[in-house]
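Below is one structure, written out as structure tokens, with a few remarks after it.
The values are calculated or read from the model by the stated rules, or taken from the named source; none is laboratory data. In this text the structure is predicted, and so the values were computed from the model without any measurement. We place every Cβ from the backbone using ideal geometry, glycine too, and count neighbours over all the protein chains shown.
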Ligand code: S3P
């Protein structure tokens, strides 16, 4: 699908985001292994969290999808059934990596596969700890999907120090720890999003975090919950950037997740002069939720490196767009993880920026984009990557010389099926 984006001088109005993708995955998986029926309100409309639900259904869990909510009839950690066929994770790295932790403790074998993009993403990072815990896992070339997990009821608790700053790896090991006797801990190199820790606590697990180490106790049954999924801050990022870059904008985003392990985005925008306010913060299911107000404002640009890179990793494509129009440009370092996302996001960001007449220098683990540049309307591509498609639709709003065409725009539906309609709704 091609979407044409006309430039826009002004943006205004109020919007809601789909339920957070990260939180929806965790609720899908944990409610399925809890005892009883969970109700998940504002569950993400994105294809990725529905891949997690689909896999749980293939493992014998009944799921009822209603308007804006999902009911999951949990079967308990020991109630999952061996799947009849292979489990389809679609485009979703979160599904394959986090679900593997659950499957490692099951007394059956299961194979998880995904689409072409997922088939190129590394799984060794989760295979290593799960193998040390006693699961046998096969993968293509030792790392690529499809992966086959030969689970065991005799999974051994462990203390794992992960070399990769990855919430998916951390979550995988903690979820595996639920099936073990004794305590399993994960120590990470820098702090990553803590939605799994919060969700585990909500579902009744014994879990604690001290410094960079999180420990979960095995053997305790989880209990069903009624939970609300906050709006997706990573989806909000596209509208925050669009409004900041616009000639005249005032936009409100209601009920957005503002978990402190995700709000580096807001800190970075505000630190560079962006007028973004977080209003009316409240708590829901252990997660913080607030309304965001954003106005057009000049942005200084800046440097994203070290721990901040991990905290902002999903927002870097759209921040690259903002960086090009900023005063001083944007430098990103320590971001080799971008190379193994849904696409090689250093390459796909650079390709689209260049098509739009923007200069960028790339490195193995980052890039530099000089500031004060002007976007030229062009034909760009999502390359099948939701965040690339949405980031360059935002670039189209400020491009000169006509409409920008986004090819393969349907990729947005992985996290945000309503993205283009929402964008149209705030054109003043
Ligand atoms: C996610 C963690 C991040 C992020 C992804 C979602 C999660 O991946 O990029 O979109 O929900 O835990 P990594 O754990 O690979 O860094």
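Quick notes on this structure:
- Out of 409, 399, 395, 377, one residue alone is under 20 Å from residue 48 (Cβ atoms), touching a residue at least 40 places away in the same chain (Cβ under 8 Å) and either assigned by TED's automatic domain parsing to the domain that holds residue 359 or surrounded by fewer than 19 Cβ atoms within 10 Å (Cβ to Cβ) (or both). It is 409.
- Looking across 219, 182, one residue alone is at pLDDT below 95, away from the ligand (no atom under 12 Å from the Cβ) and over 23 Å from residue 19 (Cα atoms). It is 219.
- Single residue of the stretch 315-358 satisfying the filter (closer than 16 Å to residue 242 by Cα and within 16 Å of the ligand (Cβ to nearest atom)) that is surrounded by the most Cβ atoms within 10 Å (Cβ to Cβ): 317
- Under the condition of being within 16 Å of the ligand (Cβ to nearest atom) and either buried (at least 23 other Cβ atoms within 10 Å of the Cβ) or not assigned by TED's automatic domain parsing to the domain that holds residue 214 (or both), the residues counted in the stretch 130-155 number 2.
- Among the residues of the stretch 240-250, not a single one is crowded, with 23+ Cβ neighbours inside 10 Å, in contact with a helix residue (DSSP H, G or I) (Cβ under 7 Å, 6 or more places away or on another chain) and under 21 Å from residue 283 (Cβ atoms).
- Filter result for residue 247 (assigned by TED's automatic domain parsing to the domain that holds residue 295, within 16 Å of the ligand (Cβ to nearest atom), touching a strand residue (DSSP E or B) at 6+ places or on another chain (Cβ under 7 Å) and farther than 28 Å from residue 122 by Cα): no
- Index of the failed condition, residue 357 passing every other in (1) at negative phi; (2) outside any helix (DSSP H, G or I); (3) in contact with a strand residue (DSSP E or B) (Cβ under 8 Å, 6 or more places away or on another chain): (1)
- Selection status of residue 93, assigned by TED's automatic domain parsing to the domain that holds residue 223 and surrounded by fewer than 21 Cβ atoms within 10 Å (Cβ to Cβ): no
- Verdict on residue 277 being touching a residue at least 60 places away in the same chain (Cβ under 8 Å) and surrounded by fewer than 16 Cβ atoms within 10 Å (Cβ to Cβ): no
- Residues that are under 17 Å from residue 206 (Cβ atoms) and away from the ligand (no atom under 16 Å from the Cβ), drawn from the stretch 156-176: 157, 158, 159
- Restricting the stretch 283-314 to residues that are within 16 Å of the ligand (Cβ to nearest atom) and assigned to a strand (DSSP E or B) leaves a set whose member that is nearest to residue 328 (Cα to Cα) is 304.
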